[in-house]
Amino acid sequence: GETDHGYVATVGTQSVEAKKLVEKINEKRKARYQRIAEDNGVGLSIVAQQAGKKLIARTPKGQYIRISGDWRLK
């Protein structure tokens, strides 16, 4: 599910395949966020949090989102 920190995470127990997929997605996101941060002279965490807000807003109803560490259905 999407998190308010701009990265994806697994809900509950995770398989090895799910863990690898999450890591791959998050590595790509972090690289993109880093480029945006450098281009705009802001910190990586600021870009990631802004992205997290946008991604959560676009998450369809019925999917899990994590806000402030708590999972909930949107």
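The values are calculated or read from the model by the stated rules, or taken from the named source; none is laboratory data. All values reported here derive from a predicted model rather than from experimental measurement. Glycine gets a Cβ as well: all are built from the backbone with ideal geometry, and neighbour counts include every protein chain shown. Side chains are part of the model used for accessible areas, which takes the heavy atoms of the whole protein and leaves out ligands, DNA and RNA. Shrake-Rupley method; radii C 1.70, N 1.55, O 1.52, S 1.80 Å.
At a glance:
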quantity: Flag if residue 3 is open to solvent by less than 60 Å² (accessible area, probe 1.4 Å) and in contact (Cβ under 8 Å) with a residue 60 or more places away in the chain; calculated: yes
quantity: Some residue of segment 48-66 being in a strand (DSSP E or B), at pLDDT 95 or above and within 12 Å of residue 6 (Cα to Cα); calculated: yes
quantity: Check on residue 72, modelled with pLDDT of 95 or more, open to solvent by 50 Å² or more (accessible area, probe 1.4 Å), out of contact with any His (no Cβ under 9 Å at 6 or more places or on another chain) and not β-branched (Val, Ile, Thr); calculated: yes
quantity: Residue selected from segment 1-46 under the condition charged (D, E, K, R) and not in a helix (DSSP H, G or I), by the criterion nearest to residue 60 (Cα to Cα); calculated: 2
quantity: Cross-chain or 6+ apart pairs with Cβ under 6 Å, segment 10-28 first and within 20 Å of residue 55 (Cα to Cα), then of a type in the set (S, T, N, Q); calculated: 18/10; 22/10
